[in-house]
Amino acid sequence: MRQSRLFAGPRSRVRVAVILVLGLVVGCGIIPEPSPAPQLYTLTPKSTFSDDLAAVDWQLGIETPTAPAGLSSARIAVTREPLTLEYYAGAQWVDDAPAMVQRLLIESFENSGRIVGVGRLAVALRSDYVLQPELREFQAEYSPEVKAPKIRVRVNVKLIKMPERRIVASDTFERIMDAPDNRMPVIVKTFDQALGKVMRDLVVWTLARGS
């Protein structure tokens, strides 16, 4: 006597059991819905400099910026009250903030057209100077009386002469800018403007101190 097609053999019985279990799991809502991917944002290097910016004939290596643990992340930091640090939901930088700032600094120096060579310190570059950045502030800051944040960017740098590794100059660059409103693209644009001003000042300072 022929077996029923639905239960034709052991393999078919296993297949049916799996289908029934999956149906029960889906029906009970056990399988979670995938969460939406965060929106990724990037910033731009500085590309405009004064025509009288002096050219230099030396090479510069830029270290990856050090930063507090809360800023060493691709998440976009925000403070809503003193002594707290949070992050925007559903939005991230395209890279960890220190790595992103290092890349933008290198591109800003290149865009100046006033330096022989610049690159990451890890690559095979014979550096005459090394720039050690420290990312001390890189967050949006809210206060109770306003709905849109202030953007704060603060970078401390040390310029080191090689090969003796002697610090020849050190300074801190900071910009605080009001975001026009509380939309995420506007907040990111304000980050871009604040960081751009810091990087411009930092490039000009470095070329002058190295000379």
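Since every read-out is calculated from the coordinates, none of them should be taken as a lab result. Quick caveat: nothing in here was measured; it's all calculated off a predicted structure. Cβ: placed from backbone, ideal geometry, glycine included. Neighbour counts: every protein chain shown.
Here are the numbers for the structure shown:
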{"quantity": "Dimensionless Rg over Rh [region 131-202; C-alpha; Kirkwood]", "calculated": "1.14"}
{"quantity": "Set of lysines with alpha-carbon distance to K150 below 29 Å, sequence-local pairs under 8 removed", "calculated": "K46, K158, K189, K197"}
{"quantity": "Neighbourhood net charge (10 Å Cβ-Cβ; Lys/Arg +1, Asp/Glu -1) for R103", "calculated": "-1"}
{"quantity": "Cβ-based net charge around R75, under 14 Å, with every Lys or Arg adding one and every Asp or Glu removing one", "calculated": "-3"}
{"quantity": "Residues S35, S143, sorted so that the one with the fewest Cβ neighbours within 10 Å comes first", "calculated": "S35, S143"}
